[in-house]
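What follows is a set of notes on a single structure, which appears directly below.
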Amino acid sequence: MRHGLLALLILVLLGSCTDTAQAQRIRLDMQAQPLSEALGTLRAQSGIDVVYAQRLVTGTTVSCQYTGSRPGQALACLLNGTGLRAQQVRRRQYVLVARSSPSSPAQRQAERQMLAGFVADAETQDALPGAHIYLTELQVGTTTNQAGYFAFPSLPPGRYAARISFLGYEVRDTTLATGQTTRLALMPQPLESSGVLIEGVISEEAQERMPGMLSVELDQLNQMPSLGEQDLFQALRWTPGIRKSGMINGGLSVRGSQPDQNLYLLDGAPVYHPWHAFSLVSTFQTGTLKSSNLYRSAFPAEHGGRLASVLDAQMKDGNRTDPHAEVALSVLSGRFRVESPITPSVSFMLSGRRSYLDMLIGRTHPVQDATTGRRDTLRTGYYFYDVSGKLTARPNDRHRLSLSVYRGRDDLDLRLPFDLSLDFSSWLRPTDLFFEVKQGWENRLISAQHQYLVSEDLFVTTTAYHSGYLANEGSFVQPTTTASLTSDYRVDLRDMGLKVNADYYRSVAHEVKAGVQVTHQQFGSTLQSDLRRSSDAVDSLSQRSRLQAVKLIGYVQDTWKPAPRWEVQPGVRVSYFSGGQHLHVRPRLSARYTVHPDHLVLRGSSGAYVQYLHRLRDRHSLAYDLVSSRWIPSSARVRPATSWQASLGAQSNPWPGLTVELTTYGRRADHVLIPEDAYRIKDGLEGPGIKVGALRGQYAATHERAWGGEFSARYERGPWDVQLGMARARSWVEAPPLEGEGYRPADLDMPYSVRTAVSWSQGHWEAALAGEVRSGYPHSEPTARYELGDLIDRDPVTYLYRPQVNNRRLPRYARLDAALGYRFQWLAAQWRVKLSVYNVTNRRNIVRRRYVPEQDSVRVDDRRGLPVLPLIELEVAL
C-alpha cells in the first residue's frame, strides 16, 4: 500500500509537469487582432485559463509580438494599452479586470475580496452541509461545511456566475458578488420530479466528490423496498461493496471488513452499537437526518479510529419557519417527529420510536399441563425504543449553537423451555428444564456544538460530547433437574471527548482544515455467577474489570486546486493512545482529475489508518455475553489494528441521464483479532470469566488482505430511476496457529454480488422493484467424524474433523423485493401508504449451515432466511 501512495503522488506530479510542459513554447505575432481571438490563441499555446466578462473585450484589438515560455508575460503583452490587467487567482488561471490606476503587487493583493455565504433549505432554513457551489467561469468549486458556510478567498472584485446544488434539491443558477456574505436558499426537489434531467453532463456534485465518499439521498430512500421500515443502513446495502454482516450483534460489512471496523458518528459523537432488533433496524432514522456521508476506505484526515469506513450523520436543526409534525406506523414500530421554531433564531426537532410486538403477543403467558395440571408462567417480552432531539440557536450569522441528545434501548425478557424446537406450539408448556434471559442494551449520547465564523476566511467548530453504551444480561439456565447457573453480566463503555476543527480559506487554490481532539474512554464490566452442580455444590464467581484510556489526536489537511481540472487533498493524522502508549503518524492522499467536464472524472487515494479498539465476545459460556458487544482498548499486550489502503476509480456520463462508475481497491490490515479456535461454539455453562486476558486468549492477532472491483450505473429519465451495482472482491485472513499456515477466506468474504433497483414515481403513485444475487458466505465443512473415549467411559464423545476453515460456501443467495406507494392529501394532512413485499418469490435462502454429529452419521441443519413477507407502512405529515 505504501507503493500505492507513492504511485498516486507520482501521478499528481506528472500531471502538474504535463501542464508545465504545455506552457513552455509561446509565439505571438499579432497586428490589430481582436482581443478575444488573441486570448484564444494564447490559451491554445500555453494551456492557461483566462476568465473575463465579454463586455471588457468587445471591440478591443491588440498588437503583440512575444516569444518565450512565461504565460504571464505573454498575457501582459496582449493587454498592453487595452486598459485591462490580469490577476492570477491560482496556478495557470487569470481573471481580467479594468485597470484603475498603476499599483504594486501588494496593492493588487489588497484589492482582492472574499466571495462567501451560507446555503440553507428554503422551506425550513436548515443549514445544508455538503452543498456544492461552482463558479462556472473560474471552473472552481467548493462544498459547504457543517454550518452551510462556503468561501472563495482572494478573488478580483466583481460578480461571478455560480451554480448551487445539493442532493434532493433543485439546482440554482445565480450571480454572486464579492465583498459581501450571501445567504442562498435551495428548494427541495419534488419527489415526482426527482428524475428530471437537467444536463447531460457529470454533475458538479460528482466532479467535486473525493474518492471513497458517498452522500446518501435521504429523501429518496422511502421509495425503496424495506423490511418493516426504511432506515439508513437498509438503503446503504444497495451500494456495491456494502452489506449487512448477518451477525446477530453485527452491523455493516464494508468491502469484506469486520463490522467493528466501522465508525458511526451522530452530530460528532460516536455510536457504538447502532442497531435495534438484533441488527434488523438501525438507530439512524432517516427522517431525523439532514445529511449523511459515508467514507469507504479513503477517509479525510479529519476522520479516523477505524479501518473500513466512517459514517458521519447530522441531525436536523428543526424547522425555523413553520411547525411541522409527522407520525408513522409500520409493522415493527410507531414513530413521530416534531419540528418547530421557538423564536426567530431558535428551533428544535424531537422524534421518538417504539416497537409494539410485545403489546400484540403479550409479555407473559400462563400455561398449564393438561395431564398433571401443573401451572407456570412463561415470558416472551421484547421491545425497542429510541428518542432523539436537537435544539439550535443562531443569535447572528457568526454564531450557531446546538445541543443534540439521543437515547435508544432494547429490552428482552424470556422464560422458555430449555429444549426449544422449531415447533413453536411446544414453546408454551410447563417444564422442569428451562432458561430465563433478561437483557437490555442501550446507547446514550449528548453533543454540544458551537460554530463560529471568526472572519470570512476562518471558521471554527467546537464539539463536546459524551457517548455511552450499556448492556446488562441476566440469565438463569437449568439444563438438568439438579444443575443450574445464575448469571448477571454487565458492560459499560463511556466515551467523553472535546474536539476543535478549523477551516481556513487561504486562497481559491488552498483550503486548509486542521483540528485537535482529546478523548477519555472508560471500559467497565462486571460478572456475578453461581454454578449449582448439585444441591450442596455451588461455585460462585465474582469479577470486575475497569480500564480507561486517553486518546489525543491532531490533524491537518489541505484541499489544493492547482488547476481547474485538478484537486489534490494531502493530509496527515497524528494520534496517541495512552493504553500501551501507542503513537501513530498516518498520511493520507487523495486526488481527482477531470479529464473532460462533461464525460470523465478520475479519482485515486491512498492512506494509512489505525484502530485502537477491538470488539470481542466470549466464545465459551452459554450463560453470558449472548448479545452484547465488549470493546477492549489497545494496551502493551493488545496492539492496535493498522491498515494501508489504496483505490483508483473513474466516473463517466456516456450519454444524457446515465452515470457509470468503476472503482478498484486494495487493503492490507495487521494485528486484526480473529477467534483462535474457529470451531468453538457456546456450548458450555462455565466460562473463563470476563478479564481482558481471558477474552484476549480466545483470539489471535493476524493479517487481512482484500482487493476488489466495483461497478455502478444509474439511469435517470423522467419518472424512472434505474440503478445497478456489481462487485467482484475477495478478502482473506491469515490462519491462526491452530489452523496451520497460509491465508484462508475471511468469514465475510464474498466473491461476487449483483444488486439492481428500478423505481418509478409519477403523480400520487410510486413503485420500486429491487433484486440481489450474491455468492454465499464461507463455511467449514467437516471431512470426517471420530470418537474419543476410554474403556471406562461408555459414551465416547463424537468430534468432527475440519482440516480447513471456510473450505466451502453456502449456496448462492438470491432475493427480489417490491414496493408500491400512494401519496394523497386528506384532512389538511399529507398521507402516504406504502406496501413492501419482502422476498416476492418466497425463495428460502440458506443463510447458515451447522453440522451435528450423530451416532452413525452427520446431520446437516440449514438455517433459512425469511419467507415472503408483505409489510405495510402508514405515514402522516401535518
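The values are calculated or read from the model by the stated rules, or taken from the named source; none is laboratory data. What you are looking at is a predicted structure, and each value in this text was computed from that prediction instead of being measured. Because the Cβ atoms are built from the backbone with ideal geometry, glycine has one as well, and the counts that use them run over all protein chains shown. Side chains included, ligands, DNA and RNA excluded: accessible areas come from the protein's heavy atoms. Shrake-Rupley method; radii C 1.70, N 1.55, O 1.52, S 1.80 Å.
Structural remarks
- Efficiency of FRET between TYR799 and ARG639 - r from beta-carbon atoms, R0 30 angstrom, step 0.05: 0.35
- Taking all protein chains as shown and a probe of 1.4 angstrom, SER780 keeps an accessible surface of around 20 Å².
- Those lysines that a straight Cα-Cα span of less than 21 Å connects to LYS438, excepting residues fewer than 8 apart in one chain: LYS682
- Area accessible to solvent at VAL454, 1.4 Å probe radius, in Å²: 60
- For the chain, the longest principal axis of the Cα atoms and the long axis of helix 35-46 meet at an angle of about 50 degrees.
- Of the residues SER712, ALA819, THR798, the one whose Cα sits farthest towards the positive end of the charge dipole of region 324-877 is SER712 (charges of +1 on Lys and Arg Cβ, -1 on Asp and Glu Cβ, taken about the Cα centre).
- Listed residues VAL538, VAL346 arranged by accessible area, highest first, probe 1.4 Å: VAL538, VAL346
- Listed residues LYS244, LYS316 arranged by accessible area, highest first, probe 1.4 Å: LYS244, LYS316
- Table column - 3J(HN,Hα) (Hz), region 530-547, Karplus curve with 6.51, -1.76, 1.60, x for Gly and Pro: 10, 9, 9, 7, 7, 5, 10, 10, 10, 9, 10, 9, 10, 9, 9, 10, 9, 10
- Accessible surface, region 113-192, averaged per residue in Å² (probe 1.4 Å): 32
- Taking all protein chains together, VAL660, VAL254 sort by accessible area into VAL660, VAL254, largest first [probe 1.4 Å].
- Computed FRET value (nearest 0.05) for TRP760 with GLU37, which takes r as the C-beta separation and R₀ as 56 Å: 0.65
- Charged-residue dipole, Cβ positions (Lys, Arg, Asp, Glu), the chain about Cα centre, Debye nearest 20: 1780
- Less than 5 angstrom separates the built amide H of ASN806 from those of SER780, GLU781, all sequence-distant by 5 or more or on a different chain.
- FRET efficiency for the pair HIS466 and LEU547, taken as 1/(1 + (r/R0)^6) with r the Cβ-Cβ distance and R0 = 25 Å, rounds to 0.90.
- Labels on offer are [x] 96, 87, 57; [y] 91, 75, 61; [z] 112, 67, 47, and the one holding Cα extents along the principal axes in Å computed from this structure is [z].
- Cβ crowding within 10 Å averaged over residues, with 843-850, 604-611 ranked highest first: 604-611, 843-850
- Were the residues from THR175 through ASN80 laid out at 0.36 nm apart, the gain over their Cα-Cα distance would be 31.3 nm.
- Taking all protein chains together and rolling a 1.4 Å probe, THR136 ends up with roughly 60 Å² accessible.
- Nearest-ten-degree value, helix 2-22 long axis tilted from longest Cα axis of the chain: 10
- Residue-by-residue Karplus 3J(HN,Hα) for region 722-738, coefficients 6.51, -1.76, 1.60, Hz, glycine and proline x: 10, 10, 9, x, 9, 9, 10, 8, 9, 9, 10, 10, 6, 5, x, x, 5
- Selection of GluC sites (Glu not before Pro), region 778-878, meeting DSSP coil and at most 11 other Cβ within 10 Å: GLU854
- Calculated mean residue ellipticity at 222 nm for the chain: -2000 deg cm²/dmol, from DSSP H runs with n ≥ 4 weighted as -39500 (n - 2.57), summed, divided by the residue count and rounded to 500.
- Cut-off under 5 Å, modelled amide H: who pairs with ARG99 long-range: LEU84, ARG85
- Distance violations [Cα-Cα > 24 Å] among LYS316/LYS561; LYS513/LYS561; LYS290/LYS834; LYS499/LYS561; LYS290/LYS499: LYS316/LYS561; LYS499/LYS561
- Inter-centroid distance (Cα atoms) of region 339-380 relative to region 130-169, Å: 49
- Inter-centroid distance (Cα atoms) of region 821-878 relative to region 438-453, Å: 31
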